[in-house]
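Q: Please read through the structure below; I'll follow up with questions.
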Amino acid sequence: MSNTNIKRVKSSDIELKDKLVSIQRVTKVTKGGRNFTFSAIVVVGNEKGIVGYGLGKAKEVTDAITKGIDDAKKNLIKVAIVKGTVAHEQYGKFGGALVFLKPAAHGTGVIAGGAMRAVLESVGVTDVLAKSKGSSNPHNVVKATMDALMQMRDAATVAQQRGISMEKVFNG
């Protein structure tokens with residue numbers, strides 16, 4: 001599985017909105033007692049086809065969220081969105097999480113839960129049917145959803161990669 005169609009994007013001059021997906025308190029037990037830190041996974045996007053996710057860890061919640069946002073801005077990708085929905089059916093996998101994305105008719109809304117919903121809303125998808133199978137760990141679900149979005153190709157990309165016209169893509 002090669003992701004040659006991934007389009008990396010620079011975060012400068014893009015209006016990005018961030019969404020906190022999950023925050024967890026992590027405990028490390030040492031000889032001197034318990035040390036508490038926080039881990040935050042954040043999704044950023046412009047709701048027009050650009051999305052990224054990041055992980056931040058710090059001793060304070062706000063610092064962890066800030067680090068997560070900064071990390072997410074370094075990992076932005078461009079996603080093919082067709083009329084407010086995904087271009088085609090697609091599976092994505094990461095670790096034990098498996099997600100399925102399916103295009104939906106206009107007016108359906110985002111039928112997805114938790115971590116998947118945050119990613120899909122940040123990228124700008126307004127109508128989609130989605131199913132998360134396997135692990136419900138937010139970190140893995142976010143990464144599996146991003147994997148599915150990275151594999152999306154619109155008709156123009158397919159035509160360009162095959163070296164044929166758009167008409168031939170649809171008519172065989």
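No value in this document is a laboratory result; all are computed from the given coordinates. Computed from a predicted structure; not experimentally measured. Using ideal geometry, Cβ is built from the backbone for each residue, glycine included, and neighbour counts are taken over all protein chains shown.
Q: Looking only at the stretch 130-154, filter to residues that are part of a loop (DSSP other than H, G, I, E, B) and hydroxyl-bearing (Ser, Thr, Tyr); which one of those is farthest from ARG117 (Cα to Cα)?
A: Among those that are part of a loop (DSSP other than H, G, I, E, B) and hydroxyl-bearing (Ser, Thr, Tyr), it is SER135.
Q: Being out of contact with any helix residue (DSSP H, G or I) (no Cβ under 8 Å at 6 or more places or on another chain), crowded, with 18+ Cβ neighbours inside 10 Å, farther than 19 Å from ARG153 by Cβ and not β-branched (Val, Ile, Thr) is the requirement here; does ASP63 meet it? Working first, answer last.
A: On the way: out of contact with any helix residue (DSSP H, G or I) (no Cβ under 8 Å at 6 or more places or on another chain): yes; crowded, with 18+ Cβ neighbours inside 10 Å: no; farther than 19 Å from ARG153 by Cβ: yes; not β-branched (Val, Ile, Thr): yes.
Against the criterion (out of contact with any helix residue (DSSP H, G or I) (no Cβ under 8 Å at 6 or more places or on another chain), crowded, with 18+ Cβ neighbours inside 10 Å, farther than 19 Å from ARG153 by Cβ and not β-branched (Val, Ile, Thr)), ASP63 does not qualify.
Q: Considering only the stretch 70-89, state which residues are surrounded by fewer than 20 Cβ atoms within 10 Å (Cβ to Cβ) and closer than 18 Å to ALA40 by Cβ.
A: ASP70, ASP71, LYS73, LYS74, ASN75, listed by residue number.
Q: Among the candidates GLY52, GLY56, single out the residue that is surrounded by 19 or more Cβ atoms within 10 Å (Cβ to Cβ), more than 21 Å from VAL125 (Cα to Cα) and in contact with a strand residue (DSSP E or B) (Cβ under 8 Å, 6 or more places away or on another chain).
A: GLY56
Q: Looking only at the stretch 17-49, filter to residues that are within 17 Å of VAL119 (Cβ to Cβ) and touching a Pro at 6+ places or on another chain (Cβ under 9 Å); which one of those is surrounded by the fewest Cβ atoms within 10 Å (Cβ to Cβ)?
A: My answer is SER22.
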